[in-house]
1. I need the full set of residues from the range 255-279 which are in contact (Cβ under 8 Å) with a residue 24 or more places away in the chain, farther than 17 Å from Ala294 by Cα and assigned to a loop (DSSP other than H, G, I, E, B), in order please.
2. Filter the range 284-316 for residues that are assigned to a loop (DSSP other than H, G, I, E, B), over 22 Å from Asn204 (Cα atoms) and in contact with a Leu (Cβ under 8 Å, 6 or more places away or on another chain) and give the result.
3. Can you find, within the range 72-104, the residue that is nearest to Gly193 (Cα to Cα) among those that are touching a residue at least 60 places away in the same chain (Cβ under 8 Å) and of a type in the set (Ser, Thr, Tyr)?
4. For the range 141-254, which fully contained strands (runs of 3 or more DSSP E) count at least 1 residues that are without any contact (Cβ under 8 Å) to a residue 40 or more places away in the chain?
5. Does the range 116-138 contain at least one residue that is within 13 Å of the ligand (Cβ to nearest atom), surrounded by fewer than 18 Cβ atoms within 10 Å (Cβ to Cβ) and part of a loop (DSSP other than H, G, I, E, B)?
6. Run Gly189 past the list (1) within 16 Å of the ligand (Cβ to nearest atom); (2) at pLDDT below 95; (3) touching a helix residue (DSSP H, G or I) at 6+ places or on another chain (Cβ under 6 Å) and report the number of the one that doesn't hold.
7. Can you give me the number of residues within the range 72-81 that are more than 17 Å from the chain's Cα centre (by Cα) and buried (at least 19 other Cβ atoms within 10 Å of the Cβ)?
Amino acid sequence: MVNLFGHTVEELRALLAGAGLDCSQAPLLAYWIYRRGETSFSRMFSLPKAVKEYLTVRYFVEAHKPLLVQEASDGTRKYLFGTSAGTVEAVYIPDGRRNTLCVSSQAGCRWRCRYCRTGQDGFRGNLQAGEILSQLHSLPEREKIDHVVFMGMGEPLENTEEVLRAVRILTDPRTYALASRHITLSTIGLLPGLRKILEETKINVTFSLHSPFSGERARLMPVEKKYPFREVLALLSSSPPGKRRRYTVAYTLFEGINDSRAHLQALIALLRDLPLRVNLLHYHVVPGLPFRPASPARTEYFRRGLLGAGISCTVRRSRGEEIAAACGLLSGNGSPDSPRLSPVML
Ligand code: SF4
């Protein structure tokens with residue numbers, strides 16, 4: 001038996017056609033699976049009887065359910081999921097009228113960025129599209145979620161095919177119907193995957209830079225040796241985002257490491273005239289790692305400097321730090337010593 005949860009509409013179409021069935025029923029089948037959340041083919045009453053009977057003996061529909069949830073005082077909720085690759089975490093972030101879900105694309109990560117909690121435990125496996133989508137589909141807040149960011153555990157562009165399948169399903173008008181401009185993929189800059197995402201989708205891209213100096217970035221992020229940031233910025237520049245897509249450079253400010261005047265000047269020289277904005281990030285301390293966040297005054301110094309140079313710049317508000325749900329803190333272990341940890345009641 002094969003799970004249909006995670007199949008795109010086109011894949012469902014091919015599956016029905018291959019069985020000699022009416023493939024024009026694929027969008028309706030997708031509607032029942034994703035929009036209606038139906039798991040029993042027999043209850044998909046608007047599907048032809050022949051389609052239901054064929055599917056019932058060969059396929060099933062099942063999304064992963066969250067195992068545990070932790071809630072922070074700001075309303076941020078971190079959910080723990082079991083997947084074929086191991087446990088992963090997704091974070092629900094309500095913020096006024098906007099409700100964002102941060103999803104994981106891998107269990108662990110092999111890139112070992114020096115400042116990141118996820119990278120310290122190594123790589124356990126890629127998630128399949130259905131396991132990525134389950135992080136949205138199975139949440140009690142599912143109907144409220146209007147933005148999805150690939151910023152959880154893992155590097156999404158090392159799992160590009162499954163991420164692309166997930167994006168196709170998220171944006172399909174017959175399924176979740178999310179606008180591409182409400183989906184953001186965050187990457188350290190794996191060029192082959194990035195090219196594909198730019199060509200095949202219209203989702204937003206956030207590139208983690210963290211230093212305008214190659215040698216220093218290579219010490220912080222080993223990926224620099226394989227995919228230098230100048231090549232990543234050149235690729236983004238050569239594929240203008242258009243009106244609806246947005247490119248962002250993420251710059252986490254580490255005290256005494258990348259927060260000097262020289263860094264600001266080099267950042268301005270590097271990014272001036274490029275079609276992107278800068279998001280300054282507060283660093284969330286990872287126990288055992290030798291990094292500290294830059295002061296608020298330093299962050300403001302960078303913000304003003306970038307804006308003064310004509311570079312659009314925002315400061316990302318910190319969310320969910322007390323339950324280790326903030327950027328760079330996800331580990332897939334559910335922080336079991338937290339008093340707010342509880343089973344999910346669905
Ligand atoms: S920052 Fe991203 S790419 Fe780097 S180790 Fe962490 S999860 Fe992996």
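The values are calculated or read from the model by the stated rules, or taken from the named source; none is laboratory data. What you see is a predicted model, and the numbers here were worked out from it, not measured in a lab. Glycine also receives a Cβ, built like all others from the backbone with ideal geometry; neighbour counts cover every protein chain displayed.
1. Arg272, Leu274, Pro275, Leu276, listed by residue number.
2. Pass one, the range 284-316, residues assigned to a loop (DSSP other than H, G, I, E, B): 284-292, 294-295, 309-312, 316.
Next, only the ones that are over 22 Å from Asn204 (Cα atoms) stay: 284-292, 294-295, 309.
Within the range 284-316, His284, Val286, Ala294 meet the criteria.
3. Checking each candidate, the answer is Ser104.
4. Numbers: elements: 147-150, 183-187, 204-208, 247-253.
Of the strands (runs of 3 or more DSSP E) lying wholly inside the range 141-254, those with at least 1 residues that are without any contact (Cβ under 8 Å) to a residue 40 or more places away in the chain span 183-187.
5. Within the range 116-138, one or more residues are within 13 Å of the ligand (Cβ to nearest atom), surrounded by fewer than 18 Cβ atoms within 10 Å (Cβ to Cβ) and part of a loop (DSSP other than H, G, I, E, B).
6. If we test Gly189 against (1) within 16 Å of the ligand (Cβ to nearest atom); (2) at pLDDT below 95; (3) touching a helix residue (DSSP H, G or I) at 6+ places or on another chain (Cβ under 6 Å), just (2) comes out false.
7. Number satisfying all stated conditions: 1.
This table checks each residue for (1) in contact with a Ser or Thr (Cβ under 8 Å, 6 or more places away or on another chain); (2) at pLDDT 95 or above.
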residue: Phe5; (1), (2): yes, yes
residue: Leu16; (1), (2): no, yes
residue: Pro27; (1), (2): no, yes
residue: Tyr34; (1), (2): yes, yes
residue: Thr39; (1), (2): no, yes
residue: Leu47; (1), (2): no, yes
residue: Ala63; (1), (2): yes, yes
residue: Asp74; (1), (2): no, no
residue: Thr87; (1), (2): no, no
